[in-house]
Each structure stands twice: as structure tokens, then as C-alpha cells.
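To start, the structure under review is shown below, and the notes come after it.
Nothing in this text is a laboratory measurement; each read-out follows from the coordinates by a stated rule. This is a predicted model, so every value here is computed, not measured. Heads up, the Cβs are rebuilt from the backbone with ideal geometry, glycines too, and the neighbour counts pull from every protein chain shown.
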Amino acid sequence: MVGNIVQAELEMVKALLSGDRRVVVLTGAGVSAESGVPTFRGRDGLWKHYRAEDLARPDAFAAHPELVWEFYNWRRRLVADCRPNPAHRALAAMERQIRNFLLITQNVDGLHVRAGSRKMVEMHGSLWQVRCTVCTHAREDFSELPELPDCPVCGHLLRPGVVWFGEPLTPGVLKLAIEQIGKADVFLSVGTSNMVQPAASFYQLAKDHGAVTVEINAEPTPNTGFMDFALHGPAGEILPELAAGLAE
């Protein structure tokens, strides 16, 4: 038993993952919270008296780029000291064990990549990506950035390579996610409150196309009652249990 999860439920979900099934996993902030990454909800919701939602916006960056970059440089330093946890590593293991597998993450911390995940989509970009506000220059950058980094190509200001509130997803990302969810046999929602669109509606899309839906979260969410299975407890305990024994 993991927490309050009955072993029989875990075994039923594990059975769903075996064989030649198509599996899509959606992850949210709860997965990385177990590595010490703030969720920016509840007690972790403020930085220097600012809400993350008030800084992660294109209008905030236009008005106060130095403040927004200070916030993101702080986040980069924080995440650099964090390590992938057993949930990240279990998902990387599932990818190796399940032929038709896709991980869709709402997280921007890069911990899934560091854990070894490759068949994945970073819906909201990455803290480790930077791109120019004027030209097409973009790159991955793990270095300590200056207060207002400039583009090496055109000299204009760089911005974090993340999707801010009020911005559309990177072209093609949502299309790929919807296509793969529509083909899934099993859909896992892990560590997400299912409050932010479009990801909040992914479970319904999966159900509409006949997938078995599974929620793995520390506590119930607004979608719990609509899921076929709901496993509540630390993802870092539940996911390794599910990954254990799947054929390589």
C-alpha cells in the first residue's frame, strides 16, 4: 500500500499500462513540488509580495522588464539547485518501457529532461530557454544571466522562453497534444489541479476518445469524480510503483 492507496487499485492501473497500449501523461506543478520547486499556489504563491500571475505576463515585462527578469533569474537559480525526484525518474522509465508513450508537461523547470524523458512536450516552454523580443534568435542557456540580457544577434532584449498568461502556446504544441490524446488508450493526469486551460480539458478529450483516465495527485481535484481511477498520495511514491515490473 502507498499511503491510502489500495494495492489492488495500483495493480489495476499497472495492468492498463502493460502491453502495446498508447499512454499519454500530463504533469503539473505537483510533480516538481516534491523536488522543492514552489508551486506558486497557496503558501508558495508570493515572491517579494508579487503574485506570479502578475509578473508572468507580456504587459508586466513591457512595463518592468528588470523586475520580471529578476523574478525569472531567481526561479532559475532555485531550480538549478533542485533534482529530479522518483516521480520524474519513474516517468522516464515508463517511456523506455512503453512503446507508444508521450509526456505532456505544464512545468517549465526542465526536471523531466534531466530525469531522462525524451518523448515529451513542454507546453509552457522552459526556464532554460531564452529568445529575442525582436528577431528569431532563441537558445538554451544554463548560465547566470545579466539583469537585462541582450540578444547576441540584434542587440535587443531577450526574454524567458516560457508561455506567459495571455499568450498562445507555441505553434504546433497544442495540435500535437490533442492528436496524441485522441489516440491514447490510457491518460494519466499527475500532480495537476486541472485548473488551467487548455490542459484542464485534456482528461475529457481523452474520455471522449475512449481512453481510461487516471488521476494521480496529492489530494482530490475538481475532476476526481470524473476519472476512472483516482490515486491520491505523493507522485514520487505512486509512479515508481506503477513503473515497477513493466517490461523493458
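Applying the criteria of a DSSP loop state and at most 13 other Cβ atoms within 10 Å to the GluC sites (Glu not before Pro) of the range 129-190 yields Glu144, Glu147. Among the lysines of the chain, pairs at least eight places apart or on separate chains and with Cα atoms under 19 Å apart come to 6. Each eigenvalue of the Cα gyration tensor of the chain, multiplied by 5 and square-rooted, gives one semi-axis; in descending order these are 33, 18, 17 Å.
Eigenvalues of the alpha-carbon gyration tensor of the range 165-236, scaled by 5 and square-rooted, set the equivalent ellipsoid semi-axes at 21, 16, 10 angstrom, largest first. Computed with the Debye formula from one identical point scatterer per Cα of the range 25-166, without solvent, the log10 of I(q)/I(0) at q = 0.11, 0.12, 0.20 Å⁻¹ comes to -0.43, -0.51, -1.25. Relative to one another, the C-alpha centroids of the range 183-212 and the range 72-106 are positioned 19 Å apart. Relative to the longest principal axis of the Cα atoms of the chain, the long axis of helix 65-80 lies at roughly 40 degrees.
Helical runs (DSSP H, four residues minimum) scored at -39500 (n - 2.57) apiece and divided by the length of the chain put the mean residue ellipticity at 222 nm at -9500 deg cm²/dmol.
Spatial offset of the range 52-68 relative to the range 115-151 amounts to 17 Å, using the alpha carbon center of each. Please give the direction-averaged projected area of the C-alpha convex hull for the range 107-248, in square nanometres with one decimal. Computed as one quarter of the Cα hull surface, the answer is 10.7 nm².
With contacts taken as Cα pairs under 8 Å at a separation of at least 6 residues, the chain carries a relative contact order of 27 percent.
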